[in-house]
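Q: Here it is: the structure, laid out below.
The values are calculated or read from the model by the stated rules, or taken from the named source; none is laboratory data. From a predicted model like this one, the values you see are computed outputs, not experimental measurements. No Cβ is skipped: glycine too gets one built from the backbone with ideal geometry, and neighbour counts run over all protein chains shown.
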Amino acid sequence: MHTTETLDSVQLSALIEEQALTREELLTYLRQMMEIRAFENNISELLHRAVLKGASHLYAGQEAVAVGAIAALRDDDLITSTHRGHGHAHAHGDKAAKTPEEKQMHYNKMMAEVLGKSGGYCKGKGGSMHIADVVHGNLGATGIVGGNIP
């Protein structure tokens, strides 16, 4: 897996030219994908150690979908997600956060929600499948596949 340090300038230049994206945008998207995978790996480990109870539908392997979809949104757009909503919630909250402190608060609230803690976005009641940040336009997810299509 590439890190922001291992992508060489030739690879970045080709991506920038092909997609009309800046180096900063590409690095932001890569960072978001790596953070989503790290979050999912943490959830997987908590499930394996039986620290996390119940079901959690992991988003690993789909990171680019969430990052790309959220990157295309305007700040006032609303989102919903599916039973595999961690990636969307992560990317959306990351985009909404304006400072490193706000980003860290977002990550903490996501993990608290997954763990059923009162510090989560839904006070721990939504759990893994229902992370919602209505203030920033994330209306949450549904456990019913296709249930959020009007």
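Q: If I go through region 26-59 residue by residue, how many of them are farther than 18 Å from Gly116 by Cα and in contact (Cβ under 8 Å) with a residue 24 or more places away in the chain?
A: 10
Q: Moving on to the next point. Which residue out of Arg74, Arg31 is basic (Lys, Arg), modelled with pLDDT of 90 or more and either touching an Asp or Glu at 6+ places or on another chain (Cβ under 6 Å) or in a helix (DSSP H, G or I) (or both)?
A: Arg31
Q: So for region 1-11 (the condition being more than 23 Å from Ile149 (Cα to Cα), assigned to a helix (DSSP H, G or I), modelled with pLDDT under 95 and not small (Gly, Ala, Ser)), does at least one residue qualify?
A: Taking every residue of region 1-11 in turn, at least one turns out to be more than 23 Å from Ile149 (Cα to Cα), assigned to a helix (DSSP H, G or I), modelled with pLDDT under 95 and not small (Gly, Ala, Ser).
Q: Quick check on my filter: what residues within region 42-65 are among the β-branched types (Val, Ile, Thr) and surrounded by 14 or more Cβ atoms within 10 Å (Cβ to Cβ)?
A: Scanning region 42-65 gives Ile43, Val65.
Q: Leu21: at pLDDT below 95, closer than 17 Å to Gly120 by Cα and not in a helix (DSSP H, G or I), yes or no?
A: Against the criterion (at pLDDT below 95, closer than 17 Å to Gly120 by Cα and not in a helix (DSSP H, G or I)), Leu21 does not qualify.
Q: Same structure, new question: Consider region 77-102. How many of its residues are crowded, with 16+ Cβ neighbours inside 10 Å, touching a residue at least 24 places away in the same chain (Cβ under 8 Å) and part of a loop (DSSP other than H, G, I, E, B)?
A: Summing the residues that are crowded, with 16+ Cβ neighbours inside 10 Å, touching a residue at least 24 places away in the same chain (Cβ under 8 Å) and part of a loop (DSSP other than H, G, I, E, B) in region 77-102 gives 4.
Q: Quick test of your reading of the structure: Lys109 fulfils all but one of (1) among the charged types (D, E, K, R); (2) touching a residue at least 12 places away in the same chain (Cβ under 8 Å); (3) surrounded by fewer than 18 Cβ atoms within 10 Å (Cβ to Cβ); (4) closer than 23 Å to Ala60 by Cβ. Name the failing condition by number.
A: Evaluating Lys109 over (1) among the charged types (D, E, K, R); (2) touching a residue at least 12 places away in the same chain (Cβ under 8 Å); (3) surrounded by fewer than 18 Cβ atoms within 10 Å (Cβ to Cβ); (4) closer than 23 Å to Ala60 by Cβ leaves (3) as the failure.
Q: I'd like the full set of residues that are surrounded by 14 or more Cβ atoms within 10 Å (Cβ to Cβ) and among the polar types (S, T, N, Q), limited to region 17-41.
A: Residues satisfying the conditions are Thr28, Gln32.
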